[in-house]
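Data first, discussion second: the structure below is written as structure tokens.
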Amino acid sequence: MINKLKICSGFLALVLIGCTSKSDIIIDDFESGTYNKWTVEGDAFGATPAKGSYAGQQTVEDFEGQYLANSFNGSDDSRGTLISKEFTIERYYINFLIGGGQNQDTYIELVINNKSVYKSRSIIETEKLQWMSWDVKKYIGQKAIIRIVDNQRGAWGHILVDQIEQSNTEKSIFMVDYELGFEADKKYILVPIDDDSPESVIKLGVDGKTIGVPMNIRVAQSEKIGYWIPIDIEKYKGKKVTLTFANVRKTDKHLNDIKQSDIFNFDYDETYRPLYHHTPLYGWMNDPNGMVYLDGEYHLFFQYNPYGSKWSNIHWGHSVSKDLKKWEYLPVALAPDSLGSIFSGSAVIDKNNTAGFGKNAMVAIFTSAGKIQTQSLAYSTDKGRTFTKYDHNPVLTDPNIVDFRDPKVFWHDNTGQWVMSLATSQTITFYGSKNLKEWNKLSEFGEGIGSHEGVWECPDLLPLTYKGKTKWILFVSINPGGINGGSATQYFIGDFDGKTFKADNLDYPLWLDYGRDNYAGVTWNNVPAKDGRHLFIGWMNNWDYANSVPSINFSSANTIVRELKLVHNGKHLIVANPPIAEMAELRRNNVKIENKQVDKTYSIEKLLNDNQGAYEVEFLVKPKEVKNFEFKLANQKGENVRFIFDLKNNTLSIDRAKSGLVDFSNNFAPALINAPLVTKNSYKIRLFVDKASTELFVNDGELVQTNLVFPTEPYNSLTFDTDGETIDIEDINIYNLK
């Protein structure tokens, strides 16, 4: 046996030595201008390799020769696969050039014996190709195929591949399937983050078994560490825990800093963390989801990334409140699974057990965002503390609609069924169900009405009453295409008979909030009848710059909670959204200023003695004969935000060009933020400021502007200016809010 082993070992050594002396083998460089070595499926890659870029694509760079495989054919929405002819692995490495998107469904993979042994994506979203290498020493002599896959629609939904070759030289600086192992004995694995680094695709493993779906984490690669994030491994104590990186650079500086810890500390009270608005504890937040009331608690779920302060890894985060002012953080409610990320949706209390999950079960209805967008269910029988996903998800699909998401569900008494409003590309489709599991299409709304400059999202259908008459309101968020750029929420007023929504003949689009930073808001379900209010909250940000704002450990806040009301603005019915009455309970240390008559300028030099940047200002303006007036918040550095009333042109504008930090995005402060202003004898103003935001309510929410600002110190003065004519300022109050 020993002699045989020596002979075999010597033979293997000779084979390997022989391998090192052999030249490269080209699998394909695409320079034939054909796919004669491939089977082509779908339309993404075209009938032949691409000569660089396609029309509408950024310039493709750093490929070799004239041709490459480029799945941008047609657009990012095209899909398809290239499957190579079978070949024998004869060298240590397979090298190839790769670029395009980082999506889970755009990749190149090596398949041996019908098993995927390597799967790689572009390291960053780029049209510049980079070398990638697979170490295939242990597969020498085996048969293999390569698949190049584009099964992704939307931004960066394409892949670029060129110069696939077998070689005994590794050309890439990246290590594929790099593994870090830990004997789990603490609560967390802490990972250093740099938001300027590309995302690393990381799998969590326990005792050799993959847990959950891969995480996309921006692991710090250079000297800079922006912050840390935790991966909770407490329930795996005593087991072997691994982090497997799809790709890492050999030059990455912080891989060895990844560590276990029983403590996760961070600066919660960082500069731009609001004092009275809801934020995530840490990590990224966008759309509010699943808002529902149950047994004294208002539940607020939200789009959440627990692994960084930019959008990715979308879960449902969870907070609860007893008073809509103070919020308690609860563990993550829903995590991504094989059907995809957990996109937006709603939650209901199934009082009559229509779904069979239990009487008064809390049922979440959400979009599973995988290869296609579908609607799924999860239920909780412990007041939302834990959720079980329905075994037969998804419950609603339509593979012909790309943007098929954000279900908002309520019980419709007159028809005795659940009604779902669902965003379906450029329309809202209504579905009905008796049991939340089986849905039938009722009708569709939206063609030829309202703004269609962006994708329709996050619908909500609800009744409001004006002078004893019920009207139905349909909210539709849109991105891009908002009235002042980027994201915004439009609405329609009309009638709903349980099947069809018909809009009144008004001058659409109508906008709920004319500021740049109130998006994707919806209302709470199951609010007690004795309350009688329709309560609304939005995401206080804009997709134009949301991933670039200067907060650190967290990203984004919600608006303050608002009560929706149907009012008449002198021209037609509109939806007003003033702050809920409970906001007055946050007031502390009232500073009252005597009434003033202003003919040119007047300043309140110090709003508060101990100004932490969280306060409310209220006053009444009587413009008299003036054509233009404005008021301005400012700090000692000269940073300011202006609120400009142009009565001649019936416009209310906000100028945040000098509001503080503005250069983090070219889209943040390029122009005035305008709203139509109805001429009136007086304007009641309530202005809420909370470190990094201003929410302006005019005449009890008839006109609203919500806008982020990032001053480097709190605004602590208020100045009024007119065009020389006189205005009266009355009932001036400044409240510290806590």
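The values are calculated or read from the model by the stated rules, or taken from the named source; none is laboratory data. This one's a predicted model, so the numbers in the text were calculated from it and none came from an experiment. Please note: Cβ atoms are built from the backbone with ideal geometry, for glycine as well, and neighbour counts cover all protein chains shown.
Per the listing I233, I189, I229, the residue uniquely within 22 Å of the chain's Cα centre (by Cα), closer than 20 Å to I263 by Cα, crowded, with 16+ Cβ neighbours inside 10 Å and not polar (S, T, N, Q) is I229. Across the stretch 195-234, the qualifying residues are those that are part of a loop (DSSP other than H, G, I, E, B) and in contact (Cβ under 8 Å) with a residue 60 or more places away in the chain, and the one among them that is farthest from G101 (Cα to Cα) is G226.
Of all residues in the stretch 78-89, exactly one satisfies the criterion of being loosely packed, with under 15 Cβ neighbours inside 10 Å and in contact (Cβ under 8 Å) with a residue 60 or more places away in the chain, namely K85.
Condition first: part of a loop (DSSP other than H, G, I, E, B) and in contact with a helix residue (DSSP H, G or I) (Cβ under 7 Å, 6 or more places away or on another chain). Can you find one or more residues in the stretch 91-114 that meet it? Yes, some residue in the stretch 91-114 is part of a loop (DSSP other than H, G, I, E, B) and in contact with a helix residue (DSSP H, G or I) (Cβ under 7 Å, 6 or more places away or on another chain). What about I644, is it part of a strand (DSSP E or B) and under 19 Å from M583 (Cβ atoms)? No; evaluated as a whole, the condition is false for this residue. Counting only residues that are over 25 Å from S167 (Cα atoms) and assigned to a loop (DSSP other than H, G, I, E, B), the stretch 61-88 holds 9 of them.
V626 satisfies every condition listed in (1) at pLDDT 95 or above; (2) in a loop (DSSP other than H, G, I, E, B); (3) touching a Leu at 6+ places or on another chain (Cβ under 9 Å); (4) not polar (S, T, N, Q) except (1). Scanning the stretch 386-415 for residues that are touching a residue at least 60 places away in the same chain (Cβ under 8 Å) and of a type outside the set (K, R) yields V402, D406, P407, V409, F410, W411, H412, N414, T415. The set of residues from the stretch 258-287 being assigned to a loop (DSSP other than H, G, I, E, B), among the polar types (S, T, N, Q) and surrounded by 15 or more Cβ atoms within 10 Å (Cβ to Cβ) comprises T271, T279.
In the stretch 139-152, the residue that is farthest from T48 (Cα to Cα) out of those that are over 30 Å from the mean Cα position of the chain (by Cα) and buried (at least 18 other Cβ atoms within 10 Å of the Cβ) is Y139. The requirement of being crowded, with 20+ Cβ neighbours inside 10 Å, touching a strand residue (DSSP E or B) at 6+ places or on another chain (Cβ under 8 Å), assigned by TED's automatic domain parsing to the domain that holds S344 and hydroxyl-bearing (S, T, Y) is fulfilled nowhere in the stretch 437-453; no residue meets it. So in the stretch 697-714, with the set limited to residues that are under 17 Å from I574 (Cα atoms) and aliphatic (A, V, I, L, M), which one is surrounded by the fewest Cβ atoms within 10 Å (Cβ to Cβ)? My answer is L703.
What number goes with the only condition from (1) within 23 Å of P509 (Cβ to Cβ); (2) modelled with pLDDT of 95 or more; (3) outside any strand (DSSP E or B); (4) not β-branched (V, I, T) that A671 does not pass? For A671, the failing item is (2). Inside the stretch 332-385, residues that are assigned to a strand (DSSP E or B), touching a residue at least 40 places away in the same chain (Cβ under 8 Å), under 30 Å from D105 (Cβ atoms) and not charged (D, E, K, R) make up a count of 16. When A155 is tested against (1) over 22 Å from the mean Cα position of the chain (by Cα); (2) surrounded by fewer than 18 Cβ atoms within 10 Å (Cβ to Cβ), only condition (1) is not met.
Flag: A44 does not match the condition of being in the same structural domain as I98 (by TED's automatic domain parsing) and either part of a helix (DSSP H, G or I) or surrounded by fewer than 18 Cβ atoms within 10 Å (Cβ to Cβ) (or both).
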